[in-house]
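Okay, structure first, notes after.
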Amino acid sequence: MSPTFVKPRSKTKPETQRPPLWKVILLNDDFTPREFVVQVLKAVFRMNESQAYRVMMTAHQRGACVIAVYTKDVADTKAKEATEMGRAKGYPLYFTTEKEE
Ligand code: TYC
């Protein structure tokens, strides 16, 4: 009987699959009070006062500010929750999400 030769399996390491991340973006508007934006950022995105203030001022001055990145589900939930807090007070405060490239 002839010997059997087994071809070695490829040692190529499979690429690690990372879930795509989504940015949550704060949009500026002319009506929501600054202090309220800071409160929402602290409550929903677990920022401290100075982080929240800086993000709010960046959106205020530039029109928008990326807050953080999360998996899609978390980003969508947080954007919705934060937008809803403004809406509950009659403010047009708006958070959106965008896929990170
Ligand atoms: N521009 C608002 C004001 O002057 C404050 C504000 C900042 C609103 C950031 C939204 O994303 C925002 N009262």
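The values are calculated or read from the model by the stated rules, or taken from the named source; none is laboratory data. No experiment lies behind these values; they were computed from the predicted model shown. Methodologically, a virtual Cβ is constructed for each residue, glycine included, from the backbone with ideal geometry; neighbour enumeration extends over all protein chains shown. Accessible surface areas use protein heavy atoms only, side chains included; no ligands, DNA or RNA. Shrake-Rupley method; radii C 1.70, N 1.55, O 1.52, S 1.80 Å.
Counting only residues that are open to solvent by 40 Å² or more (accessible area, probe 1.4 Å) and within 9 Å of the ligand (Cβ to nearest atom), which one in segment 38-63 is nearest to Y91 (Cα to Cα)?
Of everything passing the filter in segment 38-63, H60 is nearest to Y91 (Cα to Cα).
Can we say T12 is hydroxyl-bearing (S, T, Y) and either open to solvent by 100 Å² or more (accessible area, probe 1.4 Å) or away from the ligand (no atom under 16 Å from the Cβ) (or both)?
So T12 fits the description; yes.
Going through T4, T96, T83 one at a time, which residue ends up being within 10 Å of the chain's Cα centre (by Cα) and either at pLDDT below 95 or polar (S, T, N, Q) (or both)?
Result of the check over T4, T96, T83: T96.
Could we say that T96 is more than 10 Å from the ligand (Cβ to nearest atom) and either touching a His at 6+ places or on another chain (Cβ under 9 Å) or of a type in the set (V, I, T) (or both) here?
Yes, satisfied.
Only one of these conditions is not met by Y94: (1) free of Cβ contacts under 8 Å to residues at least 60 places away in the same chain; (2) open to solvent by 80 Å² or more (accessible area, probe 1.4 Å). Which number is it?
Only one criterion is unmet by Y94, namely (1).
Taking the stated definitions as given, is A75 crowded, with 19+ Cβ neighbours inside 10 Å, closer than 24 Å to P20 by Cβ, more than 14 Å from the ligand (Cβ to nearest atom) and not hydroxyl-bearing (S, T, Y)?
Yes: the conditions hold for A75.
If we keep just the residues of segment 21-37 that are more than 6 Å from the ligand (Cβ to nearest atom) and of a type in the set (V, I, T), which is surrounded by the fewest Cβ atoms within 10 Å (Cβ to Cβ)?
I25
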